[in-house]
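> I have a structure I would like to understand better, so I am pasting it below and will then ask my questions one at a time.
The values are calculated or read from the model by the stated rules, or taken from the named source; none is laboratory data. Treat the numbers as computed from the prediction; the structure is a model and nothing was measured. Every residue, glycine among them, receives a Cβ derived from its backbone with ideal geometry; neighbour counts consider all protein chains shown. With ligands, DNA and RNA removed, areas are computed over all heavy atoms of the protein, side chains included. Shrake-Rupley method; radii C 1.70, N 1.55, O 1.52, S 1.80 Å.
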Amino acid sequence: MSIRYIDEIDNLAGKKIFMRVDFNVPLDENQNITEDTRIRAVLPTLNYALDQKAKIVLASHLGRPKGERKEKYSMAPAAKRLSRLLGKEVKLAPDCIGPEVRAMVDAMQPGDILMLENVRFYQGEEKNDADFAKELVNGCEIYVNDAFAVSHRAHASVEAIANFIPVVTAGFLMKNEMNYFDKAMQNPIRPLVAILGGAKVSGKIEVLENLCDKVDKIIIGGGMAFTFLKGLGYNVGKSLVEDSLIDTAMATYQKAREKGVKFYLPVDCVVADQFNPAAETKVCTIQEIPEGWMALDIGPATVTLFAEALQNSKTIVWNGPMGVFEMDAFSRGTFAMVSAVANSYALTIVGGGDTDVAVHRAGEYAKISYISTGGGAFLELLEGKKLPGIKVLEDNGHKN
Ligand code: AMP
């Protein structure tokens, strides 16, 4: 079954919509929102529902209150910011369930928006508890999931609730995520290249396994490259290596080669004598990493090699930085790759929190075809998994 989207519902006027969004925005110590991309990301769906004169009940989590009411995790700052972005009142309910909330929902007028309090104030949320999910419905008739970033979680407001609301749909953010994922992994225009980076091989090995069956080339950078390089017999000094995963990494490397997937690893790197922005650094080939030094970025020859491997690509999927880009001395490799990806003639899809940050810092945001809002969810899709929040949309989308 396919997902049903909100614009496939005939008449939303006056209907009560329960919309799961991801307003888990970063806050400073004074509860100011430091970055509101997640709120802006759902504006198209919200505006559509508002134009249709629906009544919109918004639900989200924020932080990790672990099933207890903690004021510092209140949705109040998010409701306030949304109100400013929309230029209209967004009421904040005192809770997410209970008679008072239900009365507020019942009193809503067409075009009203009510933000529920943090759903993770209750343990039932993360336990995917059916009774809690039933209470969350609050009399709503249409469910809209526009929170791709939490769709890999079987939580009550993401999964269980979709069994208790008659009409089950997804919003436009979800539609974008699904469309781009389809273009990248299900029906890609080839050559399809995957770039993987980040700290460790663990957590990405399943992604690699799955990618071996799908892509034409794999480019590996970041800390994870050194487990492969050590497995290939190089002396990588004090670089990040997961010894227990060398065999697995080598098996994946072998699998890729057997399948004819071109596998690219760094040929040079920026090494440092300590993990510190002020460390002594130099550029060297992978063959010449000095004893006791650690590689914290890809080097210039690697950038040239990787950029050349991207030249003829038609689709690029990227997750994970090429080095410790948070420190200036080790950021060049990642930024150079951002530029190579941004200036390629391919459809480019970037996912995962860190990669997104790197693209922003490099100032190339507008040149990437799509930047996924999901970190873990994006990775799980790359692993070939069915996400629980998406499965329930597919299973229940066309029931009523
Ligand atoms: P991940 O969450 O696995 O995508 O890893 C992202 C982190 O990997 C970033 O914070 C980088 O600083 C880190 N990283 C990238 N390259 C290296 C490296 N060569 N050595 C150590 N850490 C790295």
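> Just checking: which of the helices (runs of 4 or more DSSP H) contained wholly in segment 290-366 hold 3 or more residues that are modelled with pLDDT of 95 or more and of a type in the set (Val, Ile, Thr)? Even if it seems obvious, please write down each step before you answer.
Working: elements: 300-310, 332-342, 353-361.
It comes to 300-310, 332-342.
> Just need a number here: residues in segment 32-49 that are without any contact (Cβ under 8 Å) to a residue 40 or more places away in the chain and open to solvent by less than 50 Å² (accessible area, probe 1.4 Å). Let's see the steps before the verdict.
Of segment 32-49, the ones without any contact (Cβ under 8 Å) to a residue 40 or more places away in the chain are 34-35, 47.
Checking which are open to solvent by less than 50 Å² (accessible area, probe 1.4 Å) leaves us with none.
Qualifying residue count, segment 32-49: 0.
> State whether one or more residues within segment 170-180 are in contact with a strand residue (DSSP E or B) (Cβ under 7 Å, 6 or more places away or on another chain), assigned to a loop (DSSP other than H, G, I, E, B) and open to solvent by 40 Å² or more (accessible area, probe 1.4 Å).
Among the residues of segment 170-180, not one is in contact with a strand residue (DSSP E or B) (Cβ under 7 Å, 6 or more places away or on another chain), assigned to a loop (DSSP other than H, G, I, E, B) and open to solvent by 40 Å² or more (accessible area, probe 1.4 Å), which makes the answer no.
> Please enumerate the residues belonging to segment 342-359 that are within 16 Å of the ligand (Cβ to nearest atom), farther than 16 Å from Leu382 by Cα and in contact with a helix residue (DSSP H, G or I) (Cβ under 7 Å, 6 or more places away or on another chain).
Residues satisfying the conditions are Ala358, Val359.
> Taking the stated definitions as given, is Val167 under 30 Å from Ala59 (Cβ atoms) and in contact (Cβ under 8 Å) with a residue 40 or more places away in the chain?
Details: under 30 Å from Ala59 (Cβ atoms): yes; in contact (Cβ under 8 Å) with a residue 40 or more places away in the chain: yes.
Yes, satisfied.
> Considering only segment 182-216, how many residues are open to solvent by less than 30 Å² (accessible area, probe 1.4 Å), among the hydrophobic types (A, V, I, L, M, F, W, C) and more than 13 Å from the ligand (Cβ to nearest atom)?
Total meeting the criteria: 8.
> Of the residues that sit in segment 261-289 and are under 22 Å from Ala249 (Cα atoms) and assigned to a loop (DSSP other than H, G, I, E, B), which one is nearest to the ligand (Cβ to nearest atom)?
Pro266
> Determine the pairs where a residue that is over 23 Å from Leu240 (Cα atoms) and free of Cβ contacts under 8 Å to residues at least 12 places away in the same chain, located within segment 197-216, has a partner that is of a type in the set (Ser, Thr, Tyr) and within 12 Å of the ligand (Cβ to nearest atom) with Cβ atoms under 9 Å apart, the partner being 6 or more residues away or on another chain.
none
> To continue, here is another question. Test Lys238 against the criterion of being assigned by TED's automatic domain parsing to the domain that holds Thr355, within 16 Å of the ligand (Cβ to nearest atom), over 14 Å from Gly333 (Cβ atoms) and surrounded by fewer than 21 Cβ atoms within 10 Å (Cβ to Cβ), and give yes or no.
yes
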